[in-house]
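Below is one structure, written out as structure tokens; the observations come after it.
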Amino acid sequence: MRLLDTLRRLPQPVTAARLAAETEISTRQLYRDIATLRAGGVLIDGTAGYGYTLTEDPTLPPQSFSRLEIEALMLGVASLGDLGDAALTIAGRKALARIVATLPDRQARQAAHATMRSWRPAEPRAPITIALDLLRQACWDEFSVRITYRDAHDRRSEREILPLGMSYSPRTLMLVAWCLLRQGYRTFEVARIDTLARGTTSFRPRRVQLLRDYVAMRAAEWKIKDQQAALPML
């Protein structure tokens, strides 16, 4: 899909070298991917050294969204800038550009003249000094990371954790993880992580179940709190 998106986005014909650079693969892998797409019925004209041209199948319906769906996409991507994650913001804008490029003319004009905007005063955010790309990759690939962490009282600890997912809020970024040191769930403020390195423990395919158990545990805690709050005062 990434190769197809790149072929749709770039002026054609596109050289193999440009395609390989854009998709971050070797030219040898690119030739194999082109052959696989062709075998699957995708119409790609051209050869190595000249360039490739994607011929869209006219029998397939064009990608289509309602006016409100277009507004929702534009609004959602625009809101990414409030999270303080530059890489995520850029990724969202690139993805949106590829979506808009495949829309029919009328809907592309609607995207260009979206009526909804997201604006809010900038919230102060603590700077994040670790490599977020490594943390994201650890979540996706389900491998542990070793961290040095400062708690709210500035006490430092070193531990190996299984990163399950990240939660963005207006002020901070939180990491939900299973702590191998404490053998339990913990949440870490990412801005308080001083060092981050890849660990040696793979927890595939446990991440989904661990995260589901965490959500269920928190939901039970919130339910108990709600019940306690509803009790009459004596």
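Once the Cα-Cα distance is subtracted from the 0.36 nm per residue extended length, the Asp226 to Ala126 segment shows a gain of 32.9 nm. Extension gain for Thr115 to Asp194 (0.36 nm times residue separation, less C-alpha to C-alpha distance): 24.3 nm. About its Cα centre, the dipole of the chain is roughly 340 debye, where the only charges are +1 on Lys and Arg Cβ and -1 on Asp and Glu Cβ.
With both labels modelled 7 Å from their Cα along Cα-to-Cβ, the Ile25 to Ala72 distance reads 3.1 nm. Restricted to Cα atoms, the chain shows a radius of gyration and a Dmax of 23.1, 83 angstrom. Go ahead and run the numbers for FRET between Leu181 and Thr36, Cβ-Cβ distance against an R0 of 41 Å, rounding to 0.05. E between Leu181 and Thr36, to the nearest 0.05, is 0.40. The modelled label-to-label distance between Lys94 and Met174, using points 7 Å beyond Cα along the C-beta direction, is 3.0 nm. Calculated [222 nm] ellipticity per residue, helices only, for the chain: -13500 deg cm²/dmol; basis is -39500 (n - 2.57) per DSSP H run with n ≥ 4, divided by all residues, nearest 500. Over the chain, with every protein chain in place, what whole percent of the accessible area is carbon and sulfur at 1.4 Å, could you tell me? Answer for the chain: carbon and sulfur cover 57 percent of the accessible area. For Ser144, Ser79, the ranking by accessible surface with the largest value first comes to Ser79, Ser144, using a 1.4 Å probe.
When the surface is traced with a 1.4 Å probe over the full set of protein chains, Phe143 keeps roughly 10 Å² accessible. Solvent-accessible surface of the range 1-140, averaged per residue with a 1.4 angstrom probe and all protein chains in place: 64 square angstrom. A 1.4 Å probe over all protein chains sorts Asp226, Asp82 by accessible area into Asp226, Asp82, starting with the largest.
Between Arg204 and Tyr50, the distance separating the two model label sites (each 7 Å from Cα on the Cα→Cβ line) works out to 3.9 nm. Ordered from largest to smallest accessible area (heavy atoms of protein chains, 1.4 Å probe), the residues Trp178, Trp222, Trp119 come out as Trp119, Trp222, Trp178. Taking all protein chains as they are arranged and a probe of 1.4 Å, the heavy atoms of Ile193 leave approximately 0 Å² accessible to solvent.
What angle do you read, to the nearest 10 degrees and between 0 and 90, between the alpha-carbon axis of helix 67-79 and the longest principal axis of the chain? Relative to the chain, helix 67-79 is tipped by roughly 60 degrees.
The values are calculated or read from the model by the stated rules, or taken from the named source; none is laboratory data. What you see is a predicted model, and the numbers here were worked out from it, not measured in a lab. Please note: Cβ atoms are built from the backbone with ideal geometry, for glycine as well, and neighbour counts cover all protein chains shown. Remember, those area values only see protein heavy atoms, side chains included, never the ligands or the DNA or RNA. Shrake-Rupley method; radii C 1.70, N 1.55, O 1.52, S 1.80 Å.
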